[in-house]
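> Okay, handing you the structure first.
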Amino acid sequence: MIKHAFQPKLEEDAITDDYIRVRVRSLQEMETEIYDQLLKKFDNNKTIVANKLGISRTTLWKKIKEVP
């Protein structure tokens, strides 16, 4: 059997077995990371980011506001 060469840093909420190590993240964490990356890429222009995501500016604003 081939073991994966890439082994991410383990955190408390990581799932491990002999072959795969994965950090478990919530959907909200992943969405927040995407919003942050896109906002940074497009100089915090929410209109462009919303268009790229295929959502309205209002929806993007609400999603960003939801973040704890």
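> For residue 4, which of the numbered conditions (1) surrounded by fewer than 10 Cβ atoms within 10 Å (Cβ to Cβ); (2) at pLDDT 90 or above fails to hold?
Unmet for residue 4, out of (1) surrounded by fewer than 10 Cβ atoms within 10 Å (Cβ to Cβ); (2) at pLDDT 90 or above: (2).
> Of all the residues that make up the range 23-68, how many are surrounded by 12 or more Cβ atoms within 10 Å (Cβ to Cβ) and among the polar types (S, T, N, Q)?
Here the count works out to 6.
> Could you tell me which residue of the range 7-60 is modelled with the lowest pLDDT, considering only residues that are assigned to a loop (DSSP other than H, G, I, E, B) and hydrophobic (A, V, I, L, M, F, W, C)?
10
The values are calculated or read from the model by the stated rules, or taken from the named source; none is laboratory data. What you are looking at is a predicted structure, and each value in this text was computed from that prediction instead of being measured. Backbone-built Cβ (ideal geometry, glycine too); neighbour counts: all protein chains shown.
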